[in-house]
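A.B. asks: One structure, pasted below without further comment.
We did not get these values from a lab; they are worked out from the coordinates using the rules stated. Fair warning: this is a prediction, and the values are worked out from it, not measured in the lab. Here the Cβ positions follow ideal geometry from the backbone for every residue, glycine too, while neighbour counts run over all protein chains shown.
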Amino acid sequence: MACIDDKGNLTATAKKILTAVKDQSLTAEEVASGTGLPLFKVRSSLRDMASMGFVIQEDDTYQLNEKAEKLLNRG
Amino acid sequence: MTENIQNNQEPEVRSLPRIGSKAPAFEAVTTHGTLKLEDYKGSWLVLFSHPADFTPVCTTEFMAFQEIYPQLREMNTELLGLSIDSVHSHIAWVRNIEEKFGVKIEFPIIADLNKDVAQKYGMIMPEESSTEASRAVFIIDDKQVVRAIIYYPLSTGRNMDEILRVIKALQTTDRHNIATPANWKEGDKVIVPPSPTQEGAEERMKDKDLECVDFYFCKKQL
């Protein structure tokens, strides 16, 4: 999983993306323009994090899953 | 007959994607995690293959690709490398490039061990090598259509200026509905497509904004 490091903590990219969708539901394009990360990287990371339940996807938008919020405060 | 073909087990022949066709979809393991072609929708993409990690020509190319990466990103264009090596080999190689040459490779590289992507894009030239990808370059636009294909043999490193030039020319064509002449560079005059009607051709010859040698050969400055 590209969004988790070998210690089980979020990678810097994953942390940036989850912070962006913490309080609002955003599209991948909005996350990319807000964080400055390349769009392809945001899309693949969001797909990874949606499959792990870190974010909830609704149509084209993503929001942090409340249950995953503690991950943001780790490491 | 069918039996003979099956017994001979001829390798499957796949044709190259064509210019103007949709780029073949893929999902691949890369040095930046699993990526799909569709992740690049909305951006232009230079998908390029190299024969092998830890080889000298490829190392010079990777450093050269990294050098133009900021320019490409300004042109809404991403880079994605590929070879038939493992992701750990890719990671070790890019770390080695940084350590030995001081160049940090920032773009992802596909680890195409099962040759899935290489075969979809016709990157393997069996007469040259059946285990390595050739030096292929696919320029894919923001709608995921193949716009240009460039091939180099194993022994010849690619020319980054030409890759930049082709992308700039294609994007200029899209933006202004023009064509670009031989050796065109940004700032040079462009070709106005010939008029399909006689009336249009005659009017064009009178157009003061155009430099026409004849009705079919008109240039203009953008």
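A.B. asks: Name every cysteine in chain B that ends up alone, with no second cysteine's Cβ under 4.7 Å, or say none.
C.D. replies: Within chain B, the cysteines lacking a partner Cβ under 4.7 Å are B:Cys58.
A.B. asks: Whose amide H sits under 5 Å from the amide H of B:Val103, counting only residues 5 or more places off or on another chain, with H placed in the peptide plane?
C.D. replies: Placed amide hydrogens put B:Glu98 under 5 Å from B:Val103.
A.B. asks: What are the ³J(HN,Hα) values, in whole Hz, obtained from phi via the Karplus relation 6.51 cos²θ - 1.76 cosθ + 1.60 with θ = phi - 60°, for each residue of region B:75-87 in sequence order, with x given for Gly and Pro?
C.D. replies: Each residue's phi maps through the Karplus curve to give 9, 6, 10, 9, 10, 9, x, 7, 8, 8, 9, 7, 5 Hz.
A.B. asks: Near the amide H of A:Asn65, under 5 Å away, which other amide H atoms are found, from residues 5 or more places off or on another chain, if H is placed in the peptide plane?
C.D. replies: For A:Asn65, whose amide H was placed from the backbone, the distant partners under 5 Å are A:Val55, A:Ile56.
A.B. asks: Right, another one. Calculated from DSSP H runs of 4 or more alone, at -39500 (n - 2.57) each and per residue, what is the 222 nm mean residue ellipticity of the protein assembly as shown, nearest 500?
C.D. replies: Helix contribution divided over all residues of the protein assembly as shown: -10500 deg cm²/dmol.
A.B. asks: Next question. Taking every alpha carbon pair in region A:12-72, what does the distance histogram look like in 10 angstrom bins from 0, in percent?
C.D. replies: The distribution over region A:12-72 is 27, 64, 9, given as percents.
A.B. asks: Out of residues 5 or more away from B:Ala148 or on other chains, whose amide H comes under 5 Å of its own, with H placed 1.01 Å from N in the peptide plane?
C.D. replies: It is B:Ile139, by chain and number.
A.B. asks: Given the convex hull of the Cα atoms of chain B, what is a quarter of its surface area in nm²? Display every interim value, and only then the final one.
C.D. replies: Numbers: hull surface 65.2 nm².
If I average the Cα hull's projected area over directions, I get 16.3 nm².
A.B. asks: From the mean inverse distance of alpha carbon pairs (Kirkwood) and the Cα radius of gyration, derive Rg over Rh for region B:77-169.
C.D. replies: Rounded to two decimals, Rg over Rh is 0.96.
A.B. asks: Taking the highest mean first, how do the peptides A:52-60, B:41-49 order by number of other beta carbon atoms within 10 angstrom per residue?
C.D. replies: Put in order of decreasing packing, that is B:41-49, A:52-60.
A.B. asks: For region B:177-222, what value does the Rg/Rh ratio take when both radii are computed over Cα atoms and Rh is the Kirkwood radius, given to two decimals?
C.D. replies: 0.97
A.B. asks: What's the average, rounded to a whole number, of partner chain beta-carbon atoms within 10 Å of each residue's beta-carbon in B:37-50?
C.D. replies: What the average comes to for B:37-50 is 3.
A.B. asks: Cα-Cα over 22 Å: which of A:Lys41/B:Lys41; A:Lys15/B:Lys41; A:Lys15/B:Lys100; A:Lys70/B:Lys36; B:Lys22/B:Lys168; A:Lys41/B:Lys36?
C.D. replies: A:Lys15/B:Lys41; A:Lys15/B:Lys100; A:Lys70/B:Lys36
A.B. asks: Using only the alpha-carbon atoms, what does the protein assembly as shown span along each of its principal axes? Please give whole angstrom values in decreasing order.
C.D. replies: Its Cα atoms span 72, 58, 48 Å along the three principal axes.
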